Each structure stands twice: as structure tokens, then as C-alpha cells.
1. Could you give the semi-axes, largest first, of the ellipsoid that matches the stretch B:88-244, computed as the square roots of 5 times the alpha carbon gyration tensor eigenvalues and rounded to whole Å?
2. Just tell me which aspartates and glutamates come within less than 14 Å, Cα to Cα, of A:LYS101; anything on the same chain fewer than 8 places away is out.
3. Which value, in debye to the nearest 20, describes the size of the charge dipole of chain B about its Cα centre when Lys and Arg Cβ atoms bear +1, Asp and Glu Cβ atoms bear -1, and nothing else is charged?
4. Can you work out the base-10 log of I(q)/I(0) for the stretch B:1-132 at q = 0.21 1/Å, using the Debye formula on its C-alpha atoms alone?
5. Could you list, in their original order, any pairs among B:LYS146/B:LYS187; A:LYS103/A:LYS251; A:LYS205/A:LYS251; B:LYS20/B:LYS108; A:LYS205/A:LYS254; A:LYS200/A:LYS314 whose Cα atoms are separated by more than 24 Å?
6. Charges only on Cβ, +1 for Lys and Arg, -1 for Asp and Glu: so what's the dipole of the protein assembly as shown about the Cα centre, in debye to the nearest 20?
7. Once the dipole of the protein assembly as shown is set up with Lys and Arg at +1 and Asp and Glu at -1 on Cβ about the Cα centre, which of B:SER178, A:GLY21, B:MET119 lies farthest towards its positive end?
8. Could you check how much of the accessible area of the stretch B:136-259 is carbon and sulfur, as a whole percent, using a 1.4 Å probe?
Amino acid sequence: MGIKDLSKVINDHAPSAIKQGEMKNYFGRKVAIDASMALYQFLIAVRQDGSQMQNESGEVTSHLMGMFYRTIRMIDNGIKPAYVFDGKPPDMKAGELEKRKEKRDEAEKQLAEAKEKGDAEAVDRFERRLVRVSKDQNEEVKRLLRLMGVPVVEAPCEAEAQCAALAKAGKVYATATEDMDALTFGSSVLLRHMTFSEAKKMPIKEINLARVLADFEMSREEFVDLCILLGCDYCPTIRGIGPKRAYELIKEHKSIENILAKIDTKKYAVPEDWLYARARELFLNPEVADGENVEMVWKEADVEGVVAYLCGEKNFSEERVRSSLAKMKKGRQAGQQGRIDSFFSAAKVVTSEPAAKRKAEDDKKGIKKRGPPIKKSK
Amino acid sequence: MFEAKLTSASIMKKIIDSIKELVTDAPFDCSEQAMCLQAMDSSHVALVSLKMEVGLFDTYRCDRTINLGLSLASMAKALKCANNEDTCEIKYDDNDGDTVTFTFCDTKRDRTQDVTVKMMDIDVEHLGIPDQDYAVVLEMPVTEFKKTCSDLFMFSETINITATKGAVVFTSKGDSGSSVITYTPSKDVDSSEHVTLDVKEPVNVNFSTKYLLQFTKASALSDRVKIALTNDTPIVIEYGLNDNGHLRFYLAPKIDDEENNMD
């Protein structure tokens, strides 16, 4: 899932690219959400007494519950969410999917064992590992979102890549996902924790790609190569090269080709028939619908339609659903207010005294600056 | 070293009082030409842009471009100590470390008072505001604009402004009723109460009444207010500072493009 240790590398080498803040700071912003990631989270996290939410007829409703209330939470904060669903997986991902299936089989075995032993905690743990989003659940959620007036975008291939294309085209401000490869695909801004429950009180974490590249002093291509070295969904990595080494190697040699020419292949086992170049191509030119042409329209919710679906078919509490929809309507009105910083773009960063002075003094160690002498306090 | 003296503290008081509820702390950009301030409100909907030119000051000295980060609440506290007729000197010395000194002097009573305000570390993005020709420029007495905003605020949180060649119309529609105010250019341009209107292109835009009303707190600064509008662009409300600068408010429009797409 995602890029291994990328958030750690960013933390170490580009801390200024990460900002934390409240959800309400994003009011008026359009955000593309990786639906599969969100759904998976809901199935894992939206639970009661450790098991998934179910209605009277035993159908799982965690995904609808999560999608409904957490989407409303965003809209209530003035955000305009659009959900992007995965299309067919790229064939490059077959290896990764195979690995995931193996893990699932393993978990299934362990689950059976745990059940036999009666180890409730282990049962719970393995059950969570077995969670996967079914096709029906995907369709149910799409139906709900359309009733709520929230745009649903069907990606031809990877949702992450489509989100990035929307962000690049300026159709949305950011991609909201937990998956770091949204950055590798070129999302200008990545938002984490957007679909988390309010009760968790998790601040929204914003990662700005331009700042990451500036602080890493890397081009987009070099960054993609770094991500491949760290470990992505599309091909294996060189054993023995961890995050620290990978960062140093890209800084020094600029590309995987150069690195392969330089490193001791006896020491570092390069995978056979390593398809890094195809993975790179997938990140740089993924199969997506042109961001410019994707229509996204936020509509008024079909209140009766939502009530008929959630309460009529899925046994949700009508009172709660209606009050949440009322909240959403209010949020939508607030969401109409434009942001001044979406009209005027940031021209420069201002640093006030005395921090500016401290900074200038640090700079002076290198270059002697003109200007009035600054007296140092001992 | 930065040193600037105003003949009367009242102008500084009025400026800070009119923006302190919008902006909590702000970086004052001091250069040889002017003392400026640009800051967004906490929700990033409005932008305050202040320019106090050298001509506004009695004496002005700025050796190098510096940026003073100040809490407006602390500044307001300091200015509260000053009488309106007092002179007001703002001073920052590189050797002082992290404080700005305000000196208020009552010349009649030979009394001076120094108030120091601790500076804050501010690291903010400065927005580039493009120079642009607005489609509509409207000018009127500040009292008139204030009344319009407070009248309309009673009906709705949203104000609609439309302008055509001959008139500009402010509309506010609420559940209980609505109010429509129309301005046409005054015939008697010599009257101090006159309204001027210049329309290059018609506009139709929506804004938050609450914010517009908030801006009218600056009405004490000037007799006239200038309002500039273009479709899909922030509105500009400008209060002049004795021909030596201005206090401008920019407000992002409300966008209802989604509603239009409803079937």
C-alpha cells in the first residue's frame, strides 16, 4: 500500500512541506477523495463492539454509515468532496495483488486457528486483516453519494492517479487519502486524516509536493525514482537499500539507471527483470481521464431519496439521517463562500523580526551582508 | 532602526480598531516609502491591505526594510493609553531585541508615555494582488455605505450587487422579506454627499453581508468610500488616509455555480 517510508523521508528531509491544521481551514476547497481507501477504512474502523455494523437483516452497513456521516462532516466544514473510484488495476499491480492475496490466505488460516483457541483478540485482529471492499459495497456507496449530490468520478484505472490528474488540472485543491503514492502520481497537495472520525480528533495533515521537491532538491522524475526505490505497489525493490540509502543514492546519482551502473550488485540484490522503468512510466503517465474534461457538480441532496434508501432499505435511524442532512444543507450554503487565497496566489513568504534577523544572522555566517551592523548580545 | 511619528494618535487608533476583529496578528512591512500591512482573516475569506505612506507621518525614518510582527490586540491596548490629540511615535531599534515602542506625547501638558509591545514571530504567505481595471467603480459617503450594509444585514447573510450602465442595485432577500437599494449617479457632483458610478461592464455578484458590515468599522477614517467590482473577483472596499495611503478590504465572492447546474 502506497510508498514505503515516504512520510518518514519527508519528515526527515522536508519538514516544512508538512502542515497540520483543523478541517475547517479547508472550507471552500474542493477535494478529491480516493474512495477505495476511504471505504476500506470505514469497513475497518466503523464498528460496534468490535464487529462491523449490521442492520437487522445482517447486511454490513459500516461502509454506508462511514460514507454518510464522514462526508457530511466534510461538507459541514464547508469542504466540497468528490469521490474517485478505482477502475481496473494496472497489470503491473498483479504481483502486489498476488502478495496481498497470499497475506489474506495466511490471515484466514490464522483466523481459523485463533477461533479454535478462542483467542478473541486475535480473532478480531485477523478479521480486520481479511476486510476487503466488495463490488456490491462499492455500488451501494456510489448510489448513496449520488443521492447526496456528491460527485462520483470513475477512474479508468488507479483512483490515486485520477485524483492527482484532477489536482493538477486545478479542478480540486488536493487529494485526500492515506496513501502516499498520491504524491508520486503528482498531486500538488495531499491531505491525510480527512475521512477519519471526528472523535479521533486527528488534525488534518497537509503535504505540499512542490515544497517536498524544493527541499529534496529533486525533479519530479528523481522523486518518482526515489519512491520506486523506497517500495511501491508496482515492482519489488533492491534488497538492502532502505529509506536513508535510497535518498542518498538518488541525490547522488539522479536516476535508477545511474544507480544500477554504480552500486555493487553483489552486495545489493537487484530483482531479476526489474520493471522499474515501467513503474516509473505508470507514475509519470498513468492511464487517467483528462482532468480538464471531468465534470464535477455538487448538487442539492435528494433528502427523500437518501431517507428512502438508508432508512427504508438499510434500517438507519430516520431521525439521525434527517438531522444530518439538514446539517449538510447548512454546510453547503457556507461552502459557497469563496476563499480570498484562491483568487490571489501567494507571492512570497514574509518572516517578521526578530526571526528574520536571526535568519539573516545565520545567513551572514556565509556571506557578509551590507547594512547596519547588528550588535550581538554577547 | 525604524522611527515614525504621527501628529495624532487617533488615526492609528482608528485603523487598528477597524481591523482588530478581522485580523489577530499582523506583519507590518516597513520600508523607505511606507508602512504597510497585509493580512487575511482567520478563515481566509477577506484580506486587509493597509498602506501608510511617508506623507502621512510627521517624521519618518527607516534604514532598512523590516517586518514587525505585532498582535493587534496588544497594539490596541497600547493605543488605548493615548489621547486622540497626542502625537504617536512608533519605534523599533535593532538593539532592542523583540519589542516595539509606542511613545505618546501630550504637548500641551508636557507628558510623554512609553508603551512597549512585544513582537511576535510571524511567518505568513504574502498574496500577490494583481493590478486590474474593475468593471464597476462606485464612490459614496461612508455613512451611506454603512447604512446600506446594516439595512441589508437585517434581511439576509448574502448581499447581491448588480450594476448596469445607469445604476447599481444592492439586494438582500430573506425569509421574512427583502430590501433593495438602488444608487444612480448624483447630478450635483459638488455636493459632499454625491455618489459617483462608473460602469464599464455590467456585474452580478454575491457577498457576505456580515463581512461588508465589518469593513464599515473603518468609516471613521475617511469621508468617502470607494467600492470596486468585477464578476467572479473579490470586491475591494477602499478608505483613503488623507491622500497618503489607504486601508483596503478585499472580500472573496460567494459562488453558487453548483446551483445553476441543478436539473
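The values are calculated or read from the model by the stated rules, or taken from the named source; none is laboratory data. The structure displayed is predicted, hence computed values, not measured ones. Here the Cβ is made from the backbone with ideal geometry for all residues, glycine too, and neighbour counts use every protein chain on show. For the accessible areas, the whole protein counts, side chains as well, though only heavy atoms, and no ligand, DNA or RNA atoms are used. Shrake-Rupley method; radii C 1.70, N 1.55, O 1.52, S 1.80 Å.
1. Output for the stretch B:88-244: semi-axes of 38, 20, 17 Å.
2. A:ASP233
3. Roughly 840 debye, rounded to the nearest 20.
4. Relative scattering, expressed as log10 I(q)/I(0), comes to -1.39.
5. Table pairs above 24 Å Cα-Cα are A:LYS103/A:LYS251; A:LYS205/A:LYS251; B:LYS20/B:LYS108; A:LYS205/A:LYS254; A:LYS200/A:LYS314.
6. 1560
7. B:MET119
8. Exposed carbon and sulfur together represent 48 percent of the surface.
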